[in-house]
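Chemist: One structure coming up, written as structure tokens, with questions to follow.
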Amino acid sequence: MDRYSEIVYKPFLLMLWQENNRMNEFTQETFRQCISLQYRQGDEQENGRSFLERLADGLEKATRDIMESSGCDFGKEAENYVLFGVQKTNVYLYIRGHCLYNSLVSIGTKLCTGTGVDFEQNILKSALAFEQYDEMIKIQTDIGKLNALRTKLT
């Protein structure tokens, strides 16, 4: 996940910057397409090296002409988003969860083929401990505040 975050970090900041500046060269949809990868033979080897290379290549191709010419100050953007908890080491927590989840399921399912283990049910879902992530606690708190506000308004 560290390498995954490192790869998607700068394109993620670019996508947010473009969205905030009403530009459409590198949209959420383009970013989503780049990170929506499924298992290919060999992805499970060497700690997912070929999967991560494919991810990096796709993002590099999609942003190649935009990165330098966009006018985005990546240092400034990084400073802005660190206030929300977004960092180079954890940006995977902020991208579209279904894209990452589906990629993990596709690779994990391959790893468990022939073992009688259902990767998604027995490993992935059993390992999700939402109450251990600050970001999930923040979401839960925000939902509670919204619900309290709705109650007051009705």
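A short reminder: the numbers here are calculations on the coordinates, not readings from a lab. Keep in mind that this is a model prediction, so the values were computed, not measured. Glycine also receives a Cβ, built like all others from the backbone with ideal geometry; neighbour counts cover every protein chain displayed.
Chemist: So if R0 is 22 Å, what FRET efficiency would Gln121 and Met1 give, r being the distance between their Cβ atoms, rounded to the nearest 0.05?
Modeler: Values: r = 21 Å, r/R0 = 0.94.
For R0 = 22 Å, the calculated efficiency reads 0.60.
Chemist: A follow-up question, please. Looking only at the stretch 1-19, which residues have a backbone nitrogen under 18 Å from a spot 7 Å from the Cα of Asp65 in the C-beta direction?
Modeler: Taking a point 7 Å out along Cα→Cβ of Asp65, the residues of the stretch 1-19 whose backbone N falls under 18 Å are 15, 18.
Chemist: Across the chain, how many lysine pairs separated by 8 or more positions, or lying on different chains, have Cα atoms within less than 26 Å?
Modeler: 13
Chemist: 7 Å from Cα along Cα→Cβ at both Lys138 and Asn24: what's the point-to-point distance in nm?
Modeler: 3.0 nm
Chemist: Which of the helices in the chain meet the span-like rule: DSSP H, Cα axial reach of 18 Å or more, Kyte-Doolittle mean at least -1.0?
Modeler: Values: long enough: 2-20 (26 Å, -0.37); 49-67 (26 Å, -0.48); 97-112 (22 Å, 0.63); 134-153 (28 Å, -0.34).
Passing helices, by number: 2-20, 49-67, 97-112, 134-153.
Chemist: Based on DSSP loop calls and a cut-off of at most 13 other Cβ atoms within 10 Å, the longest stretch of the chain free of exposed trypsin sites (Lys or Arg not before Pro) is what? All intermediate terms of the calculation are to be shown ahead of the outcome.
Modeler: Numbers: sites that count: Arg22, Arg40, Arg96.
Segment 97-154 is the longest.
Chemist: The stretch 1-94: which chymotrypsin sites (Phe, Trp or Tyr not before Pro) are DSSP loop and have at most 16 other beta-carbon atoms within 10 angstrom? Don't jump to the answer; show the numbers that get you there.
Modeler: Working: sites: Tyr4, Tyr9, Phe12, Trp17, Phe26, Phe31, Tyr39, Phe51, Phe74, Tyr81, Phe84, Tyr92, Tyr94; in loops: Phe26, Tyr39, Phe84, Tyr94.
Listed in order of number, the matching sites are Phe84.
Chemist: Pop the C-beta distance of Asn90 and Asn147 into the FRET formula with R0 = 25 Å and round what comes out to the nearest 0.05.
Modeler: Details: r = 27 Å, r/R0 = 1.07.
Computed FRET efficiency for Asn90 and Asn147: 0.40.
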